Each structure stands twice: as C-alpha cells, then as structure tokens.
Amino acid sequence: MGVGQLPTTEFNDEELDEYPESHLGPVPRPGSEDMIQLLDAEGRRHDHPVFGAYAEALDPERLRGFYRDMAVVRRFDQEATALQRQGQLALWVPLTGQEAAQIGSGHATLPEDFIFPTYREHGVALTRGMDLAQLLSLFRGVSHGGWDPREKNFNVYTLVLAAQVLHAVGYAMGIQRDRKAALARGEQPEDAAVVAYYGDGASSEGDVHESMVFAASYQAPVVFFCQNNHWAISVPTATQTKIPLAHRAQGYGFPGIRVDGNDVLAVHAVTQWALDRARRGEGPVLIEAFTYRLGAHTTADDPTKYRAGSEGEQWRPRDPLTRLETYLKAEGLADEAFFADVARQGQELADHVRETVLALQAPTLEEAFQHVYAQAHPLVQEELRWYQEYEAGFVTEQQSAEG
Ligand SMILES: Cc1ncc(C[n+]2csc(CCOP(=O)(O)OP(=O)(O)O)c2C)c(N)n1
Ligand SMILES: [Mg+2]
C-alpha cells in the first residue's frame, strides 16, 4: 500500500447512507455530517431540535462554571506535568484538549450516578468534587488506587484498557437488580445510572464488545462515553475503525451519537439526554466525543515521532476553552474580573496540589499488602511475612555506618 492510500480520518458519507434508519433510534443520524454541535469553534451558538433545549436551560452561572472548570483543570494538568518533569511523579497522563469532553459529560452526571474512568479523566474527577491532589498519589507510586471509589462514586483509575467498561456494565446491572428488589420492598429507589469512559484505542478491545452485548441484552442503565482523541499512543483512530465509532452502537441495537467533543454545551446536552434515558430504564447509549489530545500520550511519550505538527495546528483553533470564552464575552456574560478570578483559582489549585503531593508519604510495607482482598487472606499474609523477613535481612544505613 502506498503512502497515498494510508487510511485517513475522513469517512465516506455516501456509504453511511446505507445504514438502516430503524437502528438509529430517535436521534439524528450520527456521522461526520451529523456531529452534534451547539457552540462552534468561532464561539457561535447553534440550535438543535433535540439537544438545543438542554443548552437553553443553562443559566449564565452554569456557563461560567463550565469555563472555570475547564480552565482550572488545564492549569492542574500543567502543574502535574511540571511535577513529573521535576521527578516528583513517576508518570503523568495529560488531558489538555479534552476539557470540554470531560467537564461537559461530568457535569451531566448526578451524585448518585457511578463513574468508571480510564486514567485520563481528571476533568470528570473535578466535576465529581474530588480533591485532585488525590489523583496524584497513584502517579507518585505511593498508592495502588488513591481514593475510595464510594466517596464520590468515582472508581479508581484503570490502566488496563477497557477493563472498566465491563465493570461499569456489571455495576449498572447491579443497580437494576437493587432497584427491583427495593421496589419489591415498597421503597422508592434513586434512578441512578453509570458512565463508562474509554478511548478510541480501547474501543478495539473485546471487553468493549462484550460490555455492549450485555448492556443491550439487559437494557442496562449505562452510557458508553468514548473520547475519540484521535490517537491510541502512536496509532491513529483510522486504524481502529473504518466507520465513525458512534455507528458501532447500531450493531448492538442502541443509539450512537457523535458529538463535537470540544463543544462543552453539546457534550453536556448529549450526555444529559443519554443519562436521563438510561435512568428511565430505556437502556444504553454510546457517545463518541470527537476531540483531540493536544499534548503527549503521557510524559513518557514524544508525539513528534509519529504525528505531524500541522495536525496540532489544525486543532488549536478548535480549542474548547477559547470558544466558550469568546461566547461568554460576546454575550456579556463574563468580564475581565471573572477571567482573572478563574486564573487565581487555577493557581490556588496548583499550589494545593504541589504542596499535598510533596508531603505524600510512601506506604508502609504492611499497607502495601492491604486491600488485595476485601478480607484478610492467609496467602497474602504469608507473602507479607516472607517479605518482612527478606527486608529485615538487609543491613540498615545506621548499622552500616557503625561498621
Ligand atoms: C489491555 C491493555 N493493552 C495495552 C495497554 C497499553 N496502552 C496504554 S494506553 C494505550 C492507548 C490507549 O488509547 P485510547 O484508548 O485511545 O486512550 P487515550 O490514551 O488516547 O486516552 C495503550 C495501548 C494497556 N494499558 N492495556
Ligand atoms: Mg485515544
């Protein structure tokens, strides 16, 4: 195959017309032509027959809140990257470019919903009210998880691609069964739903297929939120799929929507629509958030080795923060004092994160063996004893100094 024939991210819209209408559900045909967008790259608002109302319902305070969170999490991302470069973290996974996809979807969730993130969902963590300093204990290597998933209904980060998608569907099926049991007892349970985050690369994992089959079969209250940031480390999305990822939902029999992932209003609207639907018991939805990873895959990666700089230049004008800033200013919804305050809040968070991370203590040997099982396990205890004896066999610095 010559270089000219290499796959691209362009799709043939004529072929898409062959998809049967009945499989699409009550939403506009997904695809490159029909990507949902409510705020374009120039900061202009657009209406939409289904999703426009969700954006209309947002008051100026919430719009400013979306901007603030996107800006603050970007500042957090810079600080974490700096901490890694200064040797304080083993690794960092930057989110820059994906703020709208994360802040928009995260703000569509309710406290009772349960979130299954990958390793990059720092923006979603912020919307859940997490202390972002907690995220860094994992990347400093002082914790196996970093936080209690039950505190904010935000699962621990999962580095095994797509594993959390299975967990999410299992959890959603659990919600269904608990709900049924509660109703049988005459109680009125909360209508909670689940969001499973994963990437374009992870979409190729068999786990995602199995998850979608189960979710469809049991009408599980789950939203599959795929952030298509165009790269799986060095592999472009075009290698993972020959059709828009959102179209895969048709094969499972539930709606798939492609949304402009850099448009926080559209992402919020589409996710809220999908979550409402899931909470009503109408089953899963797949959302493909079309976005772009502006930075490296991780701090261990050098994207200049595999992608052209011109690609980033194409995406920079589509920056999720710029378009909302333009809109807020044009509509007179935010003044300079607001933007200065956002910058101050970002700096405050960065200072807090730095201070907290530098003070993090390494776990004791005993702590490192905890939480393998819910209850104490004889094999783990035996391994701990062996390790303690092994460690005790070393000469300490003090003994060595004393000769
Ligand atoms: C099961 C599994 N296979 C391979 C890897 C190595 N790996 C880590 S991240 C990554 C790319 C993931 O790309 P994508 O799903 O698009 O998410 P993104 O990193 O772009 O957010 C790979 C291959 C892994 N962590 N787990
Ligand atoms: Mg990706």
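The values are calculated or read from the model by the stated rules, or taken from the named source; none is laboratory data. The shown structure was predicted, so the numbers you read here are calculated from the model rather than taken from an experiment. Virtual Cβ from ideal backbone geometry, glycine too; neighbours counted across all protein chains shown.
Quick one: would you say R293 is within 15 Å of ligand 2 (Cβ to nearest atom) and of a type in the set (K, R)? For R293, the condition - within 15 Å of ligand 2 (Cβ to nearest atom) and of a type in the set (K, R) - is met. A search for C-beta distances below 6 Å between a residue of the stretch 277-291 that is within 17 Å of Y171 (Cα to Cα) and any residue that is acidic (D, E) and at pLDDT below 95, counting only pairs 6+ apart in sequence or on different chains, returns R279/D191.
Residue-wise test of (1) within 13 Å of ligand 2 (Cβ to nearest atom); (2) more than 20 Å from M35 (Cβ to Cβ); (3) among the basic types (K, R).
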position	(1), (2), (3)
S204	yes, yes, no
E210	no, yes, no
F214	no, yes, no
P221	no, yes, no
A238	yes, no, no
T241	yes, no, no
P244	no, no, no
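Yes/no per residue for (1) away from ligand 2 (no atom under 16 Å from the Cβ); (2) in contact with a His (Cβ under 7 Å, 6 or more places away or on another chain); (3) in the same structural domain as L63 (by TED's automatic domain parsing):
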| site | (1), (2), (3) |
| --- | --- |
| N228 | no, no, yes |
| I233 | no, yes, yes |
| A266 | yes, no, yes |
| T271 | yes, no, yes |
| E282 | yes, no, yes |
| A289 | no, no, yes |
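When restricted to residues that are of a type in the set (D, E, K, R) and free of Cβ contacts under 8 Å to residues at least 60 places away in the same chain, the stretch 312-328 contains 2.
Condition (residue is among the hydrophobic types (A, V, I, L, M, F, W, C) and in contact (Cβ under 8 Å) with a residue 40 or more places away in the chain) applied to the stretch 368-385: is it met by at least one residue? Even if it seems obvious, please write down each step before you answer.
Initially, the stretch 368-385 is screened for residues among the hydrophobic types (A, V, I, L, M, F, W, C), giving 368-369, 372, 374, 376, 379-380, 384.
After this cut, where a residue has to be in contact (Cβ under 8 Å) with a residue 40 or more places away in the chain as well, the list is 368.
Yes; the residues of the stretch 368-385 include at least one that is among the hydrophobic types (A, V, I, L, M, F, W, C) and in contact (Cβ under 8 Å) with a residue 40 or more places away in the chain.
A residue that is in a helix (DSSP H, G or I), out of contact with any strand residue (DSSP E or B) (no Cβ under 9 Å at 6 or more places or on another chain) and in the same structural domain as V353 (by TED's automatic domain parsing) cannot be found anywhere in the stretch 108-118. For the stretch 218-230, does any single residue satisfy the condition of being touching a Lys or Arg at 6+ places or on another chain (Cβ under 7 Å) and surrounded by fewer than 18 Cβ atoms within 10 Å (Cβ to Cβ)? Checked against the condition, which is being touching a Lys or Arg at 6+ places or on another chain (Cβ under 7 Å) and surrounded by fewer than 18 Cβ atoms within 10 Å (Cβ to Cβ), the stretch 218-230 yields no hits at all. Would you confirm whether or not the stretch 252-265 contains a residue that is touching a Ser or Thr at 6+ places or on another chain (Cβ under 6 Å) and within 16 Å of ligand 1 (Cβ to nearest atom)? Yes, the conditions are met somewhere in the stretch 252-265.
Yes or no, residue by residue, for (1) under 26 Å from S211 (Cα atoms); (2) touching a His at 6+ places or on another chain (Cβ under 8 Å); (3) not in a loop (DSSP other than H, G, I, E, B); (4) not assigned by TED's automatic domain parsing to the domain that holds Q272:
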site: V93; (1), (2), (3), (4): yes, yes, no, no
site: T96; (1), (2), (3), (4): no, no, no, no
site: M130; (1), (2), (3), (4): no, no, no, no
site: G141; (1), (2), (3), (4): no, no, no, no
site: W147; (1), (2), (3), (4): yes, no, no, no
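Residues are listed down the side, and each one gets a yes or a no for (1) within 14 Å of ligand 1 (Cβ to nearest atom); (2) outside any loop (DSSP other than H, G, I, E, B):
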residue: Y157; (1), (2): yes, no
residue: V165; (1), (2): yes, yes
residue: I175; (1), (2): no, yes
residue: K180; (1), (2): no, yes
residue: A192; (1), (2): no, no
residue: M212; (1), (2): no, yes
residue: A216; (1), (2): no, yes
residue: A238; (1), (2): yes, yes
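Scanning the stretch 125-160 for residues that are within 16 Å of ligand 2 (Cβ to nearest atom) and among the aliphatic types (A, V, I, L, M) yields L159, V160.
Only one of these is farther than 15 Å from Y198 by Cα and among the acidic types (D, E): E112, E121. Name it.
Details: E121 fails: farther than 15 Å from Y198 by Cα.
It is E112.
The set of residues from the stretch 322-337 being over 12 Å from R68 (Cα atoms) and outside any helix (DSSP H, G or I) comprises E331, G332, L333, D335.
Summed over the stretch 206-217, the residues that are more than 25 Å from H297 (Cβ to Cβ), buried (at least 21 other Cβ atoms within 10 Å of the Cβ) and polar (S, T, N, Q) give a count of 0.
So, in the stretch 368-400, exactly how many residues are β-branched (V, I, T), more than 19 Å from D148 (Cβ to Cβ) and outside any helix (DSSP H, G or I)? Even if it seems obvious, please write down each step before you answer.
As a first pass, look at the stretch 368-400 and keep what is β-branched (V, I, T): 372, 380, 395-396.
Okay, now just the ones that are also more than 19 Å from D148 (Cβ to Cβ), so 380, 395-396.
Within this subset, residues satisfying the condition of being outside any helix (DSSP H, G or I) are 395-396.
Within the stretch 368-400, residues that are β-branched (V, I, T), more than 19 Å from D148 (Cβ to Cβ) and outside any helix (DSSP H, G or I) number 2.
Residue-level check: of (1) acidic (D, E); (2) surrounded by 17 or more Cβ atoms within 10 Å (Cβ to Cβ); (3) not in a strand (DSSP E or B), E288 misses just (3).
Is it true that P236 is buried (at least 17 other Cβ atoms within 10 Å of the Cβ), closer than 26 Å to R279 by Cα and not aliphatic (A, V, I, L, M)? Show your work before the answer.
Numbers: buried (at least 17 other Cβ atoms within 10 Å of the Cβ): yes; closer than 26 Å to R279 by Cα: no; not aliphatic (A, V, I, L, M): yes.
Against the criterion (buried (at least 17 other Cβ atoms within 10 Å of the Cβ), closer than 26 Å to R279 by Cα and not aliphatic (A, V, I, L, M)), P236 does not qualify.
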